[in-house]
1. List the residues, sorted by chain then number, that are 5 or more residues from ILE176 or on another chain and whose placed amide H is less than 5 Å from its amide H.
2. Tell me the label-point distance for the pair GLU210, SER158, using the 7 Å Cα-to-Cβ offset, in nm and rounded to one decimal.
3. Between VAL76 and ALA30, what length in nm is gained on full extension when 0.36 nm per residue of separation is reduced by their alpha carbon distance?
4. So, by mean Cβ neighbours within 10 angstrom, what's the order for 210-221, 119-130 with the highest one leading?
5. Any idea how far apart ARG193 and SER87 come out in nm if each label point goes 7 Å out from Cα toward Cβ?
Amino acid sequence: MPPAIKEPRATIIGPASGPEAPYPLRLRGAVEKGFGRGSKQRPSPPSPSFPSLPSPESNHPPNPPKLGIPTANLPVTSAPWISTADSGVYFGWASLRLSSSHPSHPANDKDADEDAAELVPEERRKEGWRVFPMVMSIGYNPFYGNTLRSAEVHIMHSFPADFYGSQMALSILGYIRPEYDYVDKESLVKDIREDMAVAERSLEREAWRERRADGWLWGEEE
């Protein structure tokens, strides 16, 4: 059973010198529909838009409480290490290969990060690759009583359209906390917001920020 009493939260993860072993951990696959918890509402701060659908294999209600923090799911069979990974919340960098018609494709998004434009090689950008900060959970999400292990990714960016089926790659750089059970949705959302703040503070350090420049994220390494 996951812990219900939380230890004091760390405000930043890892040393300033950068991630330590066993990180980075890597995961890649096509974005799947989630468990129906994220909803398409626009939270604050902004987050992606995934109108997740209920999973027929989960045991939570067909209309679970909406969090306003949408997630993109990856198959847990994408990497062998997931089966033995500690359940909890992780953070790092995520890349997406967006279709040429997607409004967030580099060619279509006038607000695309100029720094990222220098980061991802031009040919890869033309293919639709972009890199974003992310937080993710691996485990069973006890608040919803899942019976299947899942990998749910929240990309810390606002997307105007869905991208189910797009290729996503993750470079996971650290572990934020274990998964907890919660007495209500508000407590869960509060913790997720803090997870995002911890990830942002951790990734803004130079040795962590430069880990965006990982060719594996846009398919240059296998």
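1. HN-HN under 5 Å from ILE176: VAL89, TYR90, PHE91.
2. 3.2 nm
3. Details: separation 46, 0.36 × 46 = 16.56 nm, distance 1.13 nm.
Residue separation times 0.36 nm, minus the Cα-Cα distance, leaves 15.4 nm.
4. Numbers: 210-221: 16.0, 119-130: 17.8.
So the order, starting with the most tightly packed, is 119-130, 210-221.
5. Here the modelled spin labels are 2.6 nm apart.
FYI, it's all coordinate maths here, none of it is from the lab. Just so we're clear, the structure is a prediction, and the values are computed from it rather than from any experiment. Neighbour counts run over all protein chains shown; Cβ positions are idealised from the backbone, glycine included.
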